[in-house]
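What follows is a short report on a single structure.
The values are calculated or read from the model by the stated rules, or taken from the named source; none is laboratory data. From a predicted model like this one, the values you see are computed outputs, not experimental measurements. We place every Cβ from the backbone using ideal geometry, glycine too, and count neighbours over all the protein chains shown. Surface accessibility is based on the protein's heavy atoms, side chains included, excluding ligands, DNA and RNA. Shrake-Rupley method; radii C 1.70, N 1.55, O 1.52, S 1.80 Å.
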Amino acid sequence: MATDADRAWMAHALTLAEQGLYTTTPNPRVGCVIVHGGVVLGEGHHARAGAPHAEVVALADAARRGSDVRGATLYVTLEPCTHQGRTPPCVDAVLASGVHRVVIAMLDPHARAGGGAQRLRAAGIAVETGVDEAAARELNLGFIARVTRATPWVRLKIAASLDGRTALVDGASQWITSEEARADGHAWRARACAVLTGIGTVLADDPALTVRAVPTTRQPLRIVVDRDARTPAQARILADGHALVVTAATDTRAWPAGVEAVALPDRAGDVDLAALLRLLAARGVNELHVEAGARLNAAFLDAGLVDEIVAYVAPDVIGDPARGIAGRREGLTTLAQATHFEWHDLRRVGRDLRLVARRSPKEH
């Protein structure tokens with residue numbers, strides 16, 4: 001049974017895992033610490049795809065320190081993997097190390113990589129699972145979504161006034177929320193694998209959708225949902241490539257270097273958003289961050305594709321006529337037909353409030 005000390009060391013391992021928040025995609029964020037007699041022998045986190053996993057990093061750190069890990073306890077936020085990918089199975093390194101106990105936060109949801117706990121137990125190592133599991137799952141919502149349902153975790157980011165207005169009637173929206181809120185929004189961009197907007201936002205605001213307000217070594221993929229392929233070649237969102245334009249019809253334009261165009265039509269002649277999510281998951285996208293206008297927001301909501309809303313609410317009232325959070329919803333004739341979310345987090349950011357709501361389990 002897990003002890004208070006186990007929970008404290010797992011909290012430390014989770015802190016290590018958070019160091020890979022912006023860099024591990026498409027892999028999970030994982031931290032590991034090896035302890036004996038209350039002393040840290042080695043620790044580390046998974047930094048990026050292709051780099052050693054957290055357990056291997058921690059064991060290497062122990063070796064650098066001259067620490068003997070035989071008889072120690074290894075704390076890891078995700079079950080040691082059992083399959084050969086870009087790196088060897090972590091469970092083999094753990095078995096060879098001589099640790100006598102392994103404490104795991106969450107089991108691996110990936111069918112190919114799971115089973116590490118079973119192998120460790122079969123070798124006579126004491127294994128404890130589920131210690132601070134909720135925190136480990138929280139850190140890897142996107143990874144879990146991708147490997148269990150083959151779609152990314154979809155996060156809809158909104159900046160609005162107190163009365164739910166996102167822009168004036170002419171589209172002017174800079175800036176409804178504070179500089180602090182905008183910087184916080186960049187942190188959500190940085191943790192995402194891809195950032196998505198619509199052609200309306202591109203034509204009206206010409207956003208870059210890059211991460212600038214927080215330090216990061218990786219920029220997410222930038223995506224434009226553009227039914228008729230109207231994105232200008234000089235649009236800032238296409239600058240330096242690493243961008244995807246999603247249309248509803250095959251396009252023969254010569255796009256700038258590093259820009260890919262793909263046609264994903266639905267039966268109504270619009271972009272098939274569900275097909276887009278499946279495509280992104282197949283390409284290793286764990287978290288999709290959506291910063292779009294009311295029409296595209298409504299399309300995602302109508303299709304039941306939004307997992308989470310991050311809304312920054314300014315203490316200002318704009319009134320009508322002005323643009324709202326979501327455009328006309330399809331088929332809503334009663335309040336019972338609304339898309340239901342549940343509050344997850346509330347905090348103040350600058351002069352604004354940041355509200356985080358997640359899709360009600362009853363909606364799935």
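In what order, largest first, do D270, D228 sit by accessible area if the probe radius is 1.4 Å? Please list the in-between numbers first.
Working: D270 45, D228 90 Å².
If we order D270, D228 from most to least accessible, we get D228, D270.
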* Ordering L203, L296 from largest to smallest accessible area (1.4 angstrom probe), what's the sequence? -> L203, L296
* Structure fact -> With every protein chain kept in place and a 1.4 Å probe, the chain has an accessible area per residue in Å² of 46 Å²
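When the solvent-accessible surface of protein heavy atoms is calculated with a 1.4 angstrom probe, in what order do D352, D266 fall, highest first?
On the way: D352 0, D266 55 Å².
Solvent-accessible surface, decreasing: D266, D352.
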* Nearest-10 value in Å² for the accessible area of T23, using the 1.4 Å probe -> 30 Å²
* Structure fact -> Residues meeting the amide H criterion for G324 (H placed from the backbone, H to H distance under 5 Å, 5 or more places apart or on another chain) are T166
* Asked: Normalised by the number of residues in the chain, what is the relative contact order in percent for Cα pairs under 8 Å and 6+ residues apart?
  -> 15 percent
* Asked: Around E128, which amide H atoms from residues at least 5 apart in sequence, or from another chain, sit under 5 Å from its own amide H, with H modelled in the peptide plane?
  -> V102, V103, I104
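Per DSSP helix of 4 or more residues, -39500 (n - 2.57); summed, then divided by the residues of the chain. What does that give at 222 nm, rounded to the nearest 500? Present the calculation step by step, with values, prior to reporting the outcome.
On the way: 10 runs with 96 residues, N = 364.
Dividing the helical sum by the residues of the chain leaves -7500 deg cm²/dmol.
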* For region 210-217, in order, what is each residue's ³J(HN,Hα) by Karplus, 6.51 cos²θ - 1.76 cosθ + 1.60 with θ = phi - 60°, in whole Hz (x at glycine and Pro)? -> 9, 8, 10, 8, 10, x, 7, 9
* Residue-level accessible surface for H36, protein heavy atoms, 1.4 Å, Å² -> 100 Å²
* What does the highest-first list of 256-262, 26-32 look like by mean Cβ count within 10 Å? -> 26-32, 256-262
* For region 233-241, 3J(HN,Hα) per residue [Karplus equation, 6.51 cos²θ - 1.76 cosθ + 1.60, θ = phi - 60°, Hz, x = Gly/Pro] -> 4, 8, 4, 4, 5, 9, 4, 6, x
* Asked: Over region 18-157, what percent of the accessible surface lies on carbon and sulfur atoms, probe 1.4 Å?
  -> 51 percent
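Rounded, prolate or oblate: which one fits region 30-129, using the alpha carbon gyration tensor with axes a ≥ b ≥ c (rounded when a/c is under 1.5, else prolate when a/b beats b/c, else oblate)?
Details: a/c = 1.73, a/b = 1.22, b/c = 1.42.
Note, shape of region 30-129 comes out oblate.
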